[in-house]
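Enquirer: The structure that follows is given in the form of structure tokens.
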Amino acid sequence: MPLKTSEIVDEPTLNLTSMIDIVFLLIIFFMVGSQFTERETQYDINLPTVSNAQPLTSLPDEMVINLKGDGTILVGRQKRTMTELEEELVAAKLNYADQAVVIRGEGAGPYQHVMDILSACHRAKIVHISLANRKNREDE
């Protein structure tokens, strides 16, 4: 036999106001997005087609600067002075805006020579600079 109580129990309800707001916002978003695509296709232009598009030129290799312990600067196999190196860096930057440079200095060499080359790269406005290193065999 069920017991009768004098309290009235409210039925649980689900508030859908937030979900309806989100649905309306999504509808507005997609309606506005479809308007942008219509503007793009309103002009009747036949675009050219290509089969396998490749860049006209390949990206240049990174410029490797070797620095001996006595301060001798080598680009490739050619000796360079600091002014010649800076001129070559400026020319490389003009040819390709994202020119990368790798500086390979001797481990026991003076650090000032490396800083001079970094300064030349900075004056040439080259920002992609790497310092080459070798993994220590003792860490293996």
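The values are calculated or read from the model by the stated rules, or taken from the named source; none is laboratory data. Everything numeric in this text was worked out from a predicted model, so none of it was measured. Every residue, glycine among them, receives a Cβ derived from its backbone with ideal geometry; neighbour counts consider all protein chains shown.
Enquirer: Of Tyr43, Tyr96, which residue is modelled with pLDDT under 85 and of a type in the set (Phe, Trp, Tyr)? Please lay out each step first, then the result.
Expert: Numbers: Tyr96 fails: modelled with pLDDT under 85.
Exactly one of Tyr43, Tyr96 is modelled with pLDDT under 85 and of a type in the set (Phe, Trp, Tyr), namely Tyr43.
Enquirer: Here is a follow-up. Could you please let me know if Thr57 is of a type outside the set (Gly, Ala, Ser), modelled with pLDDT under 70, exposed (fewer than 10 other Cβ atoms within 10 Å of the Cβ) and closer than 21 Å to Ile126 by Cα?
Expert: Details: of a type outside the set (Gly, Ala, Ser): yes; modelled with pLDDT under 70: yes; exposed (fewer than 10 other Cβ atoms within 10 Å of the Cβ): yes; closer than 21 Å to Ile126 by Cα: yes.
Spelling it out, Thr57 is indeed of a type outside the set (Gly, Ala, Ser), modelled with pLDDT under 70, exposed (fewer than 10 other Cβ atoms within 10 Å of the Cβ) and closer than 21 Å to Ile126 by Cα.
Enquirer: Sticking with this structure for a sec: Got a number for residues in segment 81-108 being small (Gly, Ala, Ser), surrounded by 15 or more Cβ atoms within 10 Å (Cβ to Cβ) and not in a strand (DSSP E or B)? Give the derivation first.
Expert: Of all residues in segment 81-108, those small (Gly, Ala, Ser) come to 91-92, 97, 100, 105, 107-108.
Among the residues that remain, those that are also surrounded by 15 or more Cβ atoms within 10 Å (Cβ to Cβ) are: 92, 100, 105.
Now drop any that are not not in a strand (DSSP E or B), which leaves 92.
Going through segment 81-108 one residue at a time, the tally reaches 1.
Enquirer: Name the residues in segment 109-130 that are at pLDDT 85 or above, outside any helix (DSSP H, G or I) and touching a Gly at 6+ places or on another chain (Cβ under 9 Å), would you?
Expert: none
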